[in-house]
1. Considering only region B:100-130, state which residues are in contact with a helix residue (DSSP H, G or I) (Cβ under 9 Å, 6 or more places away or on another chain), farther than 24 Å from B:Ala31 by Cα and not charged (D, E, K, R).
2. Test each condition in (1) assigned to a helix (DSSP H, G or I); (2) surrounded by 19 or more Cβ atoms within 10 Å (Cβ to Cβ) for A:Arg18 and report the one that comes out false.
3. Looking only at region A:23-43, which residues are away from chain B (no Cβ under 14 Å) and among the charged types (D, E, K, R)?
4. Please give the number of the condition A:Asp220 fails out of (1) at pLDDT below 85; (2) closer than 22 Å to A:Met69 by Cα; (3) away from chain B (no Cβ under 14 Å); (4) buried (at least 16 other Cβ atoms within 10 Å of the Cβ).
5. Is it the case, given these coordinates, that B:Ile74 is under 15 Å from B:Gln6 (Cα atoms) and within 14 Å of chain A (Cβ to nearest Cβ)?
6. Across region B:49-70, what is the total count of residues that are within 11 Å of another protein chain (Cβ to nearest Cβ) and buried (at least 22 other Cβ atoms within 10 Å of the Cβ)?
7. Just name the residue that is nearest to the other protein chains (Cβ to nearest Cβ) out of those in region A:44-69 that are among the charged types (D, E, K, R) and assigned to a helix (DSSP H, G or I).
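The values are calculated or read from the model by the stated rules, or taken from the named source; none is laboratory data. The shown structure was predicted, so the numbers you read here are calculated from the model rather than taken from an experiment. Cβ atoms come from the backbone with ideal geometry, glycine included; neighbour counts cover every protein chain shown.
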Amino acid sequence: MASLKDLKNRIDSVKSTRKITQAMKMVAAAKLRRAQEQAEAARPYAERMQRMLAALAASVEGRPDAPKMLAGTGSDQSYLVVLCTADRGLCGGFNSNLVREADRRITQLRNEGKTVKVLAIGRKGNDQMRRLHPDMLVEGSGEIGKELDYTTARAYADRITKLFQDGEFDVCQLVYSRFKSAMRQIVTVQQLVPFSAQEELAEHEQGKDDARQFVTGGGDGADSGDSRGSGGTYDFEPDEESILNELLPRNLAVQIFRSLLENNAGEQGARMTAMDGATRNAEDMIEDLTQTYNRTRQAVITTELNEIVSAAESMK
Amino acid sequence: MAEQEQIAFELVSPEQLLLSEGADMVVIPGADGDIGAMYRHAPLITSLKAGVVGLYDGRTVRDRYFVAGGFAEITNERCTVLAEHPIKVSELKRADVEQELKNAREDVQDAKSEEERADAERRVDVADAKLRALHAVEQG
C-alpha cells in the first residue's frame, strides 16, 4: 500500500494538473470568442467574391479560352492536397481527425494511380505528413504562426498558384475543419482548382450533418438570384479573362483564409472541450485519491492505537 | 438634387466589412481609368488599380479611401469594392509613404530573383499611387 506521503504528493500533482487544464480551458474559451468574431467578420468579403466569380464564370462558360484555374487543365492525373491543421496540440482529436481524412484521401488517390502532392499548413499536420508521406510533401509547407491574418493565407495561396502555373498539379483539394459548435467540428473537403462552389463533406461525416449552411449560396444560388435580379448581365472591364486571372488567385487566398479562420475557431472549441474533460477527470481522480488517503490515515491511526493499548495491556 | 436616390456603397477587406453607406456618387480607380458610379449605373465588374476611392455628396468629396488594387462590382443600386488593405487617405502620412517608396525602390535594386523584383516593383507602384493620392488632396 502506498504510504501517506506518496498519496499526498499524488493528490498535489493532480491538483496542479487540474489548475493547468482549467486555465487552458478558460483561455481557449476566450480565444474561441475572438476566433468566431474574426470568422464572422471575414464572411462578407468571401460572399461578395463568390458572387462576382459566379457572374464571371457564367459569362465565360464553355469558352475554350477560359482560364485553366476555372475550367481545369483537362486532365486529372495529379492532385494537390492542401491540409490545414493547427499549430498546437492538446485539442482532443482535432488534428488527428484532419490528418486521418487527408491520409485516407491520399491513399485512395494513389491506389487509383494518380500522382499526389501534399501542402500542409499548420505545424501539427506538417509533422504528421512528414512522417506519413515524406515523398509527397511539397516545399512551402509550414506553420501558421502566432497571428492569423490574411497575409499568411495570401502567401500560401501564392505558393499554390505558382505550383499550378508550373503544371505541378491538375486538381487541388483543401482539407479543413468546419466549425459547427464548440463541441463539434466537421472535417470538410473542398475543391479549389478547378473552381467549384461545391463543398464535399468527408465521407464518414455525410448524413450526420444537418445544416449545410456554407454549401448553399455558392455558385448557382448567387448568380441566378443576384445578377439577374438586379438588371441582367454585367459588363466587364478590362475583360473577363484579365479579371479572372486576377480574381482566381485572390479567391484562392480568400478560401484558404476562410478555412484557416474556421480551423482556428474549431481548434479553440476542441481544446475547450478537451480541457473541460481533462479538468473533470482530474476532479474525479482527486476525489478517489482523497478517499484512499483518508482511509489509509484511519488505518494508520487504528494500528497505532491498537499497538498502544496492547502494549499497556501487557504491562499489567 | 435632394430627390435623387443614392447608390449604396460597400467597402470590404478580407478581414471585415469596413463601410456600408449611401453616397450620391462613388468614383473608383478602374483598371482602364476612373469610373464614376451613381444610382442606376449599368451593371459592371472591373478590376481596380492602386488609387483612391472617393465618396461624393453632391459635388463635394465626403471621404477618400486608398486601395492598393482589388475588384469592384457595380449594379443599378449598389457599388461593392473588394480591396486588400484599404486605408483612409487622411490617415496616410507623407513621411511614411515616402519612406515606403524609398524602401521599395531599394528592394527593386537588391532583388535577387525575378519574383522578388516583381513584388518590389508592385510595391513601388502602390507607394507611388499613395503619394499621388496625397498630392491630389493637398491640391484640393
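1. As a first pass, look at region B:100-130 and keep what is in contact with a helix residue (DSSP H, G or I) (Cβ under 9 Å, 6 or more places away or on another chain): B:100-111, B:115-117, B:119-128, B:130.
Going one step further and asking which of them are farther than 24 Å from B:Ala31 by Cα, we end up with B:102-103, B:106-107, B:109-111.
Result: B:Asn103, B:Gln109, B:Ala111.
2. The one condition A:Arg18 does not meet is (2).
3. The answer is A:Lys25, A:Lys31, A:Arg33.
4. (4)
5. Criteria met by B:Ile74.
6. Residues meeting the conditions: 1.
7. Ranking the candidates gives A:Arg48 first.
Every residue, every condition in (1) within 26 Å of B:Thr80 (Cβ to Cβ); (2) at the interface with chain B (Cβ under 10 Å from one of its Cβ atoms); (3) modelled with pLDDT under 85; (4) loosely packed, with under 14 Cβ neighbours inside 10 Å, yes or no:
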| site | (1), (2), (3), (4) |
| --- | --- |
| A:Glu203 | no, no, yes, yes |
| A:Lys208 | no, no, yes, yes |
| A:Gln213 | yes, no, yes, yes |
| A:Asp226 | yes, yes, yes, no |
| A:Gly229 | yes, yes, yes, yes |
| A:Glu246 | yes, yes, no, no |
| A:Asn263 | no, no, no, no |
